[in-house]
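Novice: A single structure is presented below for examination.
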Amino acid sequence: MSGLLLGHGAAVEDGRQTWTREALESAARGLARRLQGEGTRVLATLMDNSPAWVIADLAAALAEVVHVPLPLFFTPEQLGHALQAAAVDTLLAPGELAARWPQAPAHPCELAGQALVCLRLPGAPLELPAGTAKITFTSGSTGAPKGVCLDGAALQRVAAGLVQAMAPLDIRRHLCALPFAVLLENIAGLMAPLRRGATCVVLPLAELGLTGSSSFDAARFHAAVVAQRPDSLILLPQMLRAWAVYLLQSGQCAPTSLKLVAVGGAAVGTRLLADARELGIPAHEGYGLSEAASVQTLNLPGADCPGSAGRPLPHARLRVAADGEIEVAGSLFAGYLRDPTPVPQWWPSGDLGRIDADGFVHISGRKKHLLITAFGRNISPEWVETALRGEPAIAQAVVFGDGQPALSAVLWPSQPRADDAELQAAVDAANTQLPDYARIQSWVRARAAFGPETGLATANGRPQRPAIWDRHADALACPA
């Protein structure tokens, strides 16, 4: 399988059936032959997590077909844009989703016992950057997400780097908790464990309490983790926060089987990490970006600095530019879709940070998000937001205040029934950790959760600041 699958024995479980590596390889080769026979150049998948998704991903690599994983939470406009921009000529989806394209020639396709439909689309030939194996679309607040063309060799370097770094943990069972269309789970939660010879537990996301990518039922998630007893998980910070709150309120602890819960997508905060670990969740923060094929740094047991993003993994090289911007090399993407601009040797991440004497990377915020108050103080909003999210009552927070005398915030509570007094107390507690110029003077309750469905966050949980501002400018104390 060209390094995609190694070893023997169980590879994927879905809670009802187990697929061996040999069975996955046989199914993938069968689909690869079909794709080649139909002249497929670019395959898109629009599917829930399942063994069928795994087979389609492997088949695309075997057939040397570009794979475009599409998130189920994309709007029809975003899906249409992605299909057209990537010149997709084949779409694999369940029948109810394939029905959105009634004019496309359709053929039944069964994978791992799942009934699917293979649609032929009028994708015109498109010249892609050399080496492109996968295109991931960064979700945005508009109908035009950006396509990142990922180099196949770079993807394999990241997977191999993760395997090498995590070898001492002896991870044998990984529960896939994020959508495979999200690059983080695709690489770190599927490619790397399979490469190592571990078993991936692949359940429909609803069975894990995840609807779309922003509605999360922590009780249902905990029940699934208890039942499956994985060694490892990958979570977004808001999922970790909700799980920790549930465990605290229910008086339970995380299963002792867990060796690592990697957390990425946004800053986690030392308080949340400490609270999670007290509850038996071995949470460790990492950092990555799509343009470098996902994970670049990760804290690990025995090499841990809470508050940092961890040390660089074996495949990654990081440095800090003169202006404080983190630059990365080692596993870079091939280029943006329909953009001929060459990728430099060192990619400017857009993140500000530093690397300490022990090699741990500390991210302070986004370069373009830097706020300059009316009093001339430079403030990274992510710094203040991390302090706010460290309070149990606050699930999500976005800070504004560029050119204003004081900072304001948009808050989404951890519990829908939380009243304003609870949120104000949380803001007051966070303010005690901050200097006077970085304290929140006014705030409003968010009108919707920050998620892709609402257009207020990316799939990895990063807030879409312009969209959040537009939705709340009339209610914020500072003028637009």
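Novice: Helix 218-228 versus the longest principal axis of the chain: what angle, 0 to 90°, nearest 10, using Cα atoms?
Specialist: That works out to roughly 50 degrees.
Novice: Please sort by residue number the GluC sites (Glu not before Pro) in segment 1-107 whose DSSP state is loop and whose Cβ has at most 16 other Cβ atoms within 10 Å. Don't skip to the answer; put the middle values down first.
Specialist: Details: sites: 13, 22, 25, 38, 64, 77, 96; in loops: 38, 64.
Sites meeting the loop and neighbour criteria: 38, 64.
Novice: By how many nm would the segment from residue 120 to residue 372 lengthen if fully extended, with 0.36 nm per residue of separation less the alpha-carbon distance?
Specialist: Difference between extended and current length: 85.6 nm.
Novice: Under the rule a/c < 1.5 gives rounded, and otherwise a/b versus b/c splits prolate from oblate, where does segment 1-366 land using the Cα gyration tensor?
Specialist: oblate
Novice: Can you give me the angle between helix 237-250 and the longest principal axis of the chain, using Cα atoms only, in degrees from 0 to 90, rounded to the nearest 10?
Specialist: With both axes taken from Cα atoms, the answer is about 70 degrees.
Novice: On to the next question. Hey, how many Å between the Cα centroid of segment 60-101 and the Cα centroid of segment 136-202?
Specialist: The distance from the Cα centre of segment 60-101 to that of segment 136-202 comes to 19 Å.
Novice: Among the lysines, which fall within straight-line cross-link reach of residue 146, defined as a Cα-Cα distance under 19 Å, with same-chain neighbours fewer than 8 residues apart omitted?
Specialist: Residue 146 reaches 134, 368.
Novice: Estimate the FRET efficiency between residue 417 and residue 18 by the formula 1/(1 + (r/R0)^6), using the beta-carbon distance for r and 60 Å for R0, to the nearest 0.05.
Specialist: Numbers: r = 42 Å, r/R0 = 0.70.
The computed FRET efficiency comes out at 0.90.
Novice: A further question follows. Can you sort 246, 287, 437 so the residue with the fewest Cβ neighbours within 10 Å comes first?
Specialist: On the way: 246 19, 287 28, 437 15.
Ordered by Cβ neighbours within 10 Å, fewest first: 437, 246, 287.
Novice: What does the C-alpha gyration tensor say about the overall shape of segment 370-472? Classify as rounded when a/c is under 1.5, otherwise prolate if a/b is larger than b/c, or oblate. Kindly include the intermediate steps, with their values, before the conclusion.
Specialist: Values: a/c = 1.84, a/b = 1.19, b/c = 1.54.
The shape class here is oblate.
Novice: What's the angle, to the nearest 10 degrees (0 to 90), between helix 420-431's Cα axis and the longest principal axis of the chain?
Specialist: 80 degrees
Read-outs throughout are calculated quantities, based only on the coordinates presented, and are distinct from any laboratory measurement. From a predicted model like this one, the values you see are computed outputs, not experimental measurements. Here the Cβ is made from the backbone with ideal geometry for all residues, glycine too, and neighbour counts use every protein chain on show.
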